[in-house]
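Peer 1: Have a look at this one before I ask anything.
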Amino acid sequence: MPMDARKFRILQAIIDDYILTAIPVGSRTISKKYEMGLSSATIRNEMSDLEELGYLDQPHVSAGRVPSTKAYRLYVDQLLATGRISADDLDSVRTHFSQRTGKMEDVISRAAQALSSITSYTSLVLGPKGSETTIRNLQLVPVSQNSALLVIVTDNGIVRDAIIHVDSDLDGDALYAISRTLTERVAGHRLSDTQDVLRAMRREFAEKRKVLDGVSDLVADVENQQASAKIAFGGTSNILSFPEYNDVEKARTFLSLLESKDTLIRLLEQHQNVAFTVRIGPETGVPELRDCSLVTATYSIGDHTHGTIGVIGPTRMQYGRVLGVLSAMGEQLSRLLTQDTE
């Protein structure tokens, strides 16, 4: 039996209603609320066919139907091919990212909070991996007679600083000159290659070994932190507001998954070159997410570095709105994080 236009409209109405109410949908509900010009009996027959086709489930005898994973997949693939963001949501995204403030980690954390606030779901923002991160500049600022503040800025906007020991005869002018030399030598080099440059400089400037050792230590720290992707969460408890997660054990399992992080990082890294992914229930491959959907989008920093933003919510997620918000936020993050690299 084919999926014709009438069945398609009825299925869409059932999904729309269930997303809003979380209550199994009956034929009388569809007949009264959606003005299809069909009798309740006709709708009931079509719903039986949809159940036979695998698009609907009936949780209890004599209860209404709920969409299956197969139904949500059809809904996402065919009904929501292009997510549209409302004017209010677009304004909310732009307000949160009108200007960049602070380090890239701060921007990513702020993005996670904004995304959860706008969508009311749990949000995830994965920072870019640092394998191709290069240094833009280094700056040494005197702090005391024997110490200086070292600041390293990378091409993707990561800022790291640390207090390092310096020789007492190095004043502000001397530190400024060292900063210029360091920047000239290492600017544009990948973090992994910078240590070779610093080793060569130690041989050339043996009298400045203490400063160069401090620079080497901070570069190694930046490299170590960037070697593995960082993830920020927003609205971790938002899932608890949905009736599907009233069960304490189910909620605890979900929150434990967020705490472990590694599984979610692997999920987000799987499709970092794909504009959007929508994984529904079992499609995630994660047992703890069998009743959830994970929707992701990518953002970019320059031409090569990619990160991922996403939301986790119940399978009756407002997919159209989520796709629109993710699209707008991805564009804003890309613009904001790229502007400092140009």
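Peer 1: What is the dipole size for the range 139-219, taken about its Cα centre, with +1 at each Lys and Arg Cβ and -1 at each Asp and Glu Cβ, in debye to the nearest 20?
Peer 2: 200
Peer 1: Given R₀ = 45 Å, FRET efficiency for ALA162-GLU249 by Cβ-Cβ distance, to 0.05?
Peer 2: 0.50
Peer 1: For the range 114-223, with the dipole built from +1 on Lys and Arg beta-carbon atoms and -1 on Asp and Glu ones, taken about the Cα centre, which of ASN146, GLY127, LEU212 lies farthest toward the positive end?
Peer 2: So the residue furthest toward the plus end is GLY127.
Peer 1: Still on this structure: Which length gain, in nm to one decimal place, applies between SER256 and LYS33 when the Cα-Cα distance is subtracted from 0.36 nm times their residue separation?
Peer 2: Separation in residues times 0.36 nm, less the Cα-Cα distance, equals 76.3 nm.
Peer 1: What net charge is computed for the residues neighbouring THR236, neighbours being all others with C-beta under 14 Å from the C-beta of THR236, Lys and Arg scored +1, Asp and Glu -1?
Peer 2: 0
Peer 1: Below 8 Å, C-alpha to C-alpha, sequence gap of six or more: please give me the relative contact order for the chain in percent.
Peer 2: Averaging sequence separation for qualifying contacts and normalising by length gives 21 percent for the chain.
Peer 1: Another one. Give the long-range amide H neighbours of ILE231: residues separated by 5 or more places, or on another chain, with amide H under 5 Å away, using H modelled in the peptide plane at 1.01 Å from N.
Peer 2: So ILE231 has HN proximity to GLY127.
Peer 1: Right, here's the next one. How much net charge surrounds LEU267 when only the other residues with a Cβ under 14 Å from the Cβ of LEU267 are counted, with Lys and Arg +1 and Asp and Glu -1?
Peer 2: 0
Peer 1: R0 = 25 Å: FRET efficiency of ARG94 with SER241, Cβ-based, nearest 0.05?
Peer 2: In this case the efficiency is close to 0.45.
Peer 1: Taking all protein chains as present, what is the carbon and sulfur share of the accessible area of the chain, in % to the nearest whole number, probe 1.4 Å?
Peer 2: Whole-percent figure for carbon plus sulfur exposure: 47.
Peer 1: Based on the Cβ-Cβ distance from GLN195 to ASN273, what FRET efficiency comes out when R0 is 30 Å, to the nearest 0.05?
Peer 2: Approximately 0.55, to the nearest 0.05.
Peer 1: Which value at 222 nm does the chain reach when only helices count, each DSSP H run of 4 or more adding -39,500 (n - 2.57), with the total divided by all residues and rounded to the nearest 500 deg cm²/dmol?
Peer 2: Theoretical 222 nm ellipticity from helices: -14500 deg cm²/dmol.
Peer 1: State which entries of LYS33/LYS250; LYS230/LYS261; LYS7/LYS70; LYS7/LYS33 exceed 21 angstrom in Cα-Cα distance in the structure shown.
Peer 2: LYS33/LYS250
Peer 1: Suppose every K and R has +1 on its Cβ and every D and E has -1 on its Cβ; what is the size of the dipole of the chain about the Cα centre, in Debye to the nearest 20?
Peer 2: So the dipole magnitude of the chain works out to roughly 780 debye.
Peer 1: Give me the percent relative contact order of the range 148-256, please, defined on Cα pairs under 8 angstrom at least 6 residues apart.
Peer 2: Relative contact order for the range 148-256 comes out at 22 percent.
Peer 1: Would you mind counting up the charge near TYR121? Only other residues with Cβ under 12 Å from its Cβ, with Lys and Arg at +1 and Asp and Glu at -1.
Peer 2: So the surrounding residues net to +2.
Peer 1: Related question: For the pair ASP4/GLN58, report the inter-label distance in nm, with labels modelled 7 Å from Cα in the Cβ direction.
Peer 2: Label at ASP4, label at GLN58, 2.2 nm between them.
Peer 1: Quick check for you: with a 1.4 Å probe and neighbouring chains kept, what is the accessible area per residue of the range 229-342, in Å²?
Peer 2: Result: 43 Å² per residue.
The values are calculated or read from the model by the stated rules, or taken from the named source; none is laboratory data. Computed from a predicted model, the values in this text were never measured in an experiment. Quick reminder, even Gly has a Cβ in these numbers, built from the backbone with ideal geometry, and neighbours come from all protein chains shown. Protein only, heavy atoms only, side chains kept; ligands, DNA and RNA dropped before computing areas. Shrake-Rupley method; radii C 1.70, N 1.55, O 1.52, S 1.80 Å.
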